[in-house]
1. With a cut-off of at most 12 other beta carbons within 10 Å, and DSSP calling the residue loop, which GluC sites (Glu not before Pro) in the stretch 245-305 qualify? Please list them.
2. Stokes-Einstein D for the stretch 156-297 at 20 °C, 1.002 mPa s, Kirkwood Rh over Cα pairs, in µm²/s?
3. Enter the Cα centre distance for the pair the stretch 41-62 and the stretch 331-347, rounded to the nearest angstrom.
4. Please build a GNM for the chain, connecting alpha carbons under 10 Å apart, and tell me which residue among 201, 112, 141 fluctuates the most.
5. Give me the extension gain from residue 284 to residue 261: residue separation times 0.36 nm, minus the current Cα-Cα distance, reported in nm with one decimal.
6. Which shape class, rounded, prolate or oblate, goes with the stretch 346-394 when its Cα gyration tensor gives a ≥ b ≥ c as root eigenvalues, a/c under 1.5 marks rounded, and past that a/b bigger than b/c marks prolate?
7. Using 0.36 nm per residue of separation minus the Cα-Cα distance, give me the extension gain between residue 298 and residue 47 in nm, one decimal.
8. Just to check, using Stokes-Einstein with a Kirkwood Rh over alpha carbon pairs, what's the diffusion coefficient of the chain at 4 °C and 1.567 mPa s in µm²/s?
Amino acid sequence: MRTIAVLGATGSIGASALDVIARHPERFRVGVLSAHRNVEALALLCERFRPPWAVIADPALEGALARRLAAAGLSTGTAAGPEALEQAAAGVLCDTVIAAIVGAAGLGSTLAAARAGKRLLLANKESAVCAGPLLRAALAAGGGDLLPVDSEHNALFQCLPGGRPADLAAAGVRRLILTASGGPFRGRRRAELAAVTPDQACAHPNWVMGRKISVDSATLMNKGLEVIEAHVLFGAPAACIEVLVHPQSLVHSLVEYADGSVLAELGHPDMRTALACALAWPQRIEAGVPALDLVSRHALTFEQPDCATFRCLPLAYAALAAGGDAPAVLNAANEVAVAGFLAGSLPFLMIADVVEAVLDALPSQPVTDLETLVHRDLTARETAHRIIGARLRC
Ligand code: NAD
Ligand code: MG
């Protein structure tokens, strides 16, 4: 029996994870649930899954959560704030942590779970991007497993010998090929993107996801973050990580070997597959996902990404090449720019401009420790806000 902490339980990944967990009460029970500010959604999940512990990230809402749970007759204990998330991720109430918080806000709890040797199911790609060297060190110190949940990395994990071989070249791996759907604006030119709205950007053709990652998919920054995530998780040099646009989203990624073999993982674009794979690994369990009918799908097509229109992808490669904390700076600038776009204050095309300007303003420094990195993340956010303010005044 595994006891699971679902951090970011009220989100899209949280819902998919709890759907899989609920299908297997003999295998999984819920130890901890967390949310950012939505007390009611978290309380409803507590009523359904009866965890011993619930964490609300916003400290001002702990009283409201405790009162709501008590009124429902639940004995679930409550805590609040970022430290409480870290304690829950590392504590005795779980052996498995699903890191499904969005953005760098997931960094502390992801690292805490890794240091504590939990089985870490990583959806929160931003923490791998921001703190790759720290995450690797925490995993080595804790001695636990990391199982990728991001569908591309879960696919690579399934296609690589032993999941995450210590030396890709020695394992005969030539290239990791990440597939990208291309997002809702695939095939459009820059001029056609000037006036797109947040709702248009979030209308993903294949996947149903939270709004931040949906915008990242529309800009191709999601794929850029995933290139960096693949570098961190599998130790592949940037030159061996390629991106191909595959609009059907049925091939989730591929591994090319020295002998010419190419292994791929296919399935419906439904995150429950990757979550069930990571939850039960090395066993396979029912995920609620229908069988893939390849005959009715007709064609699988692949094309090169349009890096001139979707500049976030080359910017992410540039941050990976710069090394050090450049990926953290890229991520922080992107989070600020995407929030501005979702709030209606920043045009879509300026997301890449802001990220580029922040990377130019803050040349890369080595990643030494978490405090320095968190400070750098804040500096990058302030710089992004300043640049946005200046550009919008022009
Ligand atoms: P979402 O916006 O639907 O959910 C985010 C969750 O994080 C919510 O539970 C929210 O309450 C919590 N949260 C938000 N801000 C927080 C904060 N400051 N502190 C603590 N908790 C906070 O997002 P999502 O689509 O479920 O994505 C979650 C993560 O998984 C992201 O890193 C995303 O890149 C990654 N991911 C998502 C998908 C997908 O299909 N949705 C696929 C691959 C990877
Ligand atoms: Mg992905």
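FYI, it's all coordinate maths here, none of it is from the lab. Computed from a predicted structure; not experimentally measured. Note that we place each Cβ from the backbone using ideal geometry, even for glycine, and neighbour counts take in every protein chain shown.
1. 286
2. In µm²/s, the coefficient rounds to 130.
3. What the calculation gives is 28 Å, centre to centre.
4. Among 201, 112, 141, the largest GNM mean-square fluctuation belongs to 141.
5. Full extension from residue 284 to residue 261 adds 5.8 nm.
6. Verdict is prolate for the stretch 346-394.
7. Answer, rounded to one decimal: 86.0 nm.
8. After rounding, the answer is 61 µm²/s.
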